[in-house]
């Protein structure tokens with residue numbers, strides 16, 4: 001039995017609010033990448049050099065990729081309510097390949113402003129694309145088998161930390177692509193390098209579990225039942241995180257340690273591995289996300305209305321915000337007296353029009369971030385209106 005139209009809209013609204021919130025926070029991290037004075041000279045999560053404000057400016061953005069990937073899986077399940085498995089499988093494979101091509105071309109140019117593509121980076125859009133391709137085949141399996149596969153990947157992939165931690169271990173291309181993702185550059189052709197940031201295996205597990213979570217948005221569950229289930233899952237994951245993290249036994253390749261005071265020790269506990277996303281990283285990001293999904297079930301405010309717009313136009317927003325931020329950085333670069341030639345002649349491992357050690361303090365970064373979000377809102381609003389008024393255009397489903 002198909003869900004009613006009103007129920008679908010209510011459910012999609014709660015998902016879009018959370019997705020939109022993730023998109024807004026994501027812009028903070030990328031604004032810091034391009035504008036912060038220490039963005040390329042230090043690690044904001046380094047306990048020896050960071051400050052609480054800098055740490056949380058970076059750490060809060062850890063929620064973005066898991067939410068983005070997880071809810072992509074949930075949205076796929078919602079599509080399965082109106083498409084046959086054959087139709088959905090073909091769509092996912094085609095859209096996944098399309099997203100990989102977008103990552104290599106449009107997204108890479110947005111990050112580097114390098115017309116010669118000396119360096120190609122595989123990041124979150126690639127991971128989503130690859131995961132969609134794999135899910136396009138996996139969805140033909142029984143639901144319980146899909147769920148079991150997702151659980152095995154997410155809860156078991158950190159077993160690969162054991163060989164990776166061995167003395168003298170060298171990942172190699174395929175291992176980096178699958179799991180390690182240690183920011184290694186691989187030559188493709190002379191003068192062109194591939195940088196793997198997002199290994200696809202853990203993210204595929206996240207998308208699979210997001211897909212399986214979509215069942216709670218079917219008519220098998222009432223809104224009240226769904227809210228209770230999400231609250232329980234959310235708190236269970238948070239408690240699971242702190243218990244397992246405290247043990248320093250499993251779930252993250254980097255152990256926490258006592259620091260100069262209690263606050264920094266707490267930061268060390270929170271400082272979990274994103275590349276690749278560890279079990280503990282996913283627990284402390286997806287756990288609170290379940291709580292937010294439960295909270296957003298019946299909330300309608302000025303803020304949530306704005307988040308819905310960003311959530312409905314997440315891919316459009318993602319592409320646009322990178323270009324807006326990088327263009328703003330380029331203007332600042334030229335305003336400091338540098339030339340276009342200076343900007344384009346950066347080493348292939350760097351971002352064009354960004355010099356390490358140049359930039360602004362953290363509070364200026366926050367103001368720039370807010371300005372970027374404000375600028376993007378009316379553009380996303382217009383695009384959202386266009387999408388809702390032209391549902392018959394098939395190509396919009398790829399954007």
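Filter region 55-93 down to residues that are in a helix (DSSP H, G or I) and either free of Cβ contacts under 8 Å to residues at least 12 places away in the same chain or touching a strand residue (DSSP E or B) at 6+ places or on another chain (Cβ under 7 Å) (or both), then give me how many there are. If you could, list the steps in order and put the result at the bottom.
Taking region 55-93 as the starting set, the residues that turn out to be in a helix (DSSP H, G or I) are 55-80, 85-93.
From what's left, either free of Cβ contacts under 8 Å to residues at least 12 places away in the same chain or touching a strand residue (DSSP E or B) at 6+ places or on another chain (Cβ under 7 Å) (or both): 56, 86-87.
Result for region 55-93: 3.
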Quiz prompt | Hits in region 314-350 - residues which are modelled with pLDDT under 95, assigned to a loop (DSSP other than H, G, I, E, B) and surrounded by 13 or more Cβ atoms within 10 Å (Cβ to Cβ) | solution = 346, 348, 350
Quiz item: Does residue 25 satisfy being surrounded by fewer than 21 Cβ atoms within 10 Å (Cβ to Cβ), part of a helix (DSSP H, G or I) and out of contact with any strand residue (DSSP E or B) (no Cβ under 9 Å at 6 or more places or on another chain)?
Solution: yes
Quiz item: Is region 155-163 home to any residue that is surrounded by fewer than 19 Cβ atoms within 10 Å (Cβ to Cβ), modelled with pLDDT under 95, touching a strand residue (DSSP E or B) at 6+ places or on another chain (Cβ under 6 Å) and in a helix (DSSP H, G or I)?
Solution: no
Practice problem: Considering every residue within region 296-313, establish whether at least one is under 25 Å from residue 202 (Cα atoms), without any contact (Cβ under 8 Å) to a residue 60 or more places away in the chain and in contact with a helix residue (DSSP H, G or I) (Cβ under 9 Å, 6 or more places away or on another chain). | Solution: no
Practice problem: Please list, ordered by first then second residue, the pairs with beta carbon atoms under 8 Å, 6 or more apart or interchain, first in region 219-248 and on the phi > 0 side of the Ramachandran plot, second loosely packed, with under 14 Cβ neighbours inside 10 Å. | Solution: 248/255
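To keep it simple, each residue is scored yes or no on (1) in a helix (DSSP H, G or I); (2) under 18 Å from the mean Cα position of the chain (by Cα); (3) surrounded by 15 or more Cβ atoms within 10 Å (Cβ to Cβ).
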| site | (1), (2), (3) |
| --- | --- |
| 187 | no, no, no |
| 195 | no, yes, yes |
| 204 | yes, yes, yes |
| 209 | yes, yes, yes |
| 224 | yes, no, no |
| 229 | yes, no, yes |
| 235 | yes, no, no |
| 240 | yes, no, yes |
Quiz prompt | Some residue of region 28-37 being touching a strand residue (DSSP E or B) at 6+ places or on another chain (Cβ under 9 Å) and assigned to a helix (DSSP H, G or I) | solution = yes
Quiz item: So, in region 164-185, of the ones that are at positive phi and touching a residue at least 60 places away in the same chain (Cβ under 8 Å), which residue ends up surrounded by the fewest Cβ atoms within 10 Å (Cβ to Cβ)?
Solution: 183
Quiz item: For region 390-399, which residues satisfy the criterion of being under 21 Å from the mean Cα position of the chain (by Cα) and assigned to a helix (DSSP H, G or I)?
Solution: 397, 398
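Being surrounded by fewer than 20 Cβ atoms within 10 Å (Cβ to Cβ) and closer than 25 Å to residue 48 by Cα: is that true of residue 253 here? Don't jump to the end; show me each part of the working.
Values: surrounded by fewer than 20 Cβ atoms within 10 Å (Cβ to Cβ): yes; closer than 25 Å to residue 48 by Cα: yes.
The answer is yes for residue 253.
Determine, yes or no, whether residue 143 is at pLDDT 95 or above, over 23 Å from residue 65 (Cα atoms) and either surrounded by fewer than 18 Cβ atoms within 10 Å (Cβ to Cβ) or over 21 Å from the mean Cα position of the chain (by Cα) (or both). Step through it out loud before you land on a result.
Numbers: at pLDDT 95 or above: yes; over 23 Å from residue 65 (Cα atoms): yes; either surrounded by fewer than 18 Cβ atoms within 10 Å (Cβ to Cβ) or over 21 Å from the mean Cα position of the chain (by Cα) (or both): yes.
Yes.
Somewhere in region 368-389, is a residue outside any helix (DSSP H, G or I) and touching a residue at least 12 places away in the same chain (Cβ under 8 Å)?
Restricting attention to region 368-389, the residues satisfying the condition of being outside any helix (DSSP H, G or I) are none.
So far as region 368-389 goes, no, none of its residues is outside any helix (DSSP H, G or I) and touching a residue at least 12 places away in the same chain (Cβ under 8 Å).
The values are calculated or read from the model by the stated rules, or taken from the named source; none is laboratory data. These numbers were taken from a predicted model, which means no experiment stands behind them. Cβ: placed from backbone, ideal geometry, glycine included. Neighbour counts: every protein chain shown.
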